[in-house]
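First the structure, in the form of C-alpha cells, and then the observations on it.
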Amino acid sequence: MGLNTVGLTRRGFGKERIDIIHNIFRALYQNGMNISQALDYIEEKYNPSPDRDYILEFVRKSERGIIRG
C-alpha cells in the first residue's frame with residue numbers, strides 16, 4: 001500500500017519528482033487533516049507543477065471521493 005515508486009522509476013520519473021509526489025500523497029493520506037484541508041495545504045506548500053495539479057484536480061473532480069486508510 002502506497003506510492004508505486006518502482007513503477008514511477010521505470011516510467012522515467014526522477015528521484016526529486018517521485019519525492020514530491022510521495023510527499024503530496026503523504027499529505028493526503030497521513031497528516032490527520034480532512035480532504036479539503038489537505039488539498040489547501042498541498043496548494044500552499046508545493047509549487048505548481050503538472051504532477052501536483054493533476055493530483056489536486058483528480059481528487060477535487062472525483063464524484064465518489066478517495067479512500068483513505
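The values are calculated or read from the model by the stated rules, or taken from the named source; none is laboratory data. Given the structure is predicted, the values throughout are model-derived calculations rather than measurements. When we count neighbours, we look across all protein chains shown, and the Cβ atoms used for this are built from the backbone with ideal geometry, even at glycine.
Residues in the stretch 1-19 that are modelled with pLDDT of 95 or more and within 11 Å of the chain's Cα centre (by Cα): ILE18, ASP19. Candidates in the stretch 14-64 are the residues that are of a type in the set (Lys, Arg) and assigned to a helix (DSSP H, G or I); of these, the one that is surrounded by the most Cβ atoms within 10 Å (Cβ to Cβ) is ARG52.
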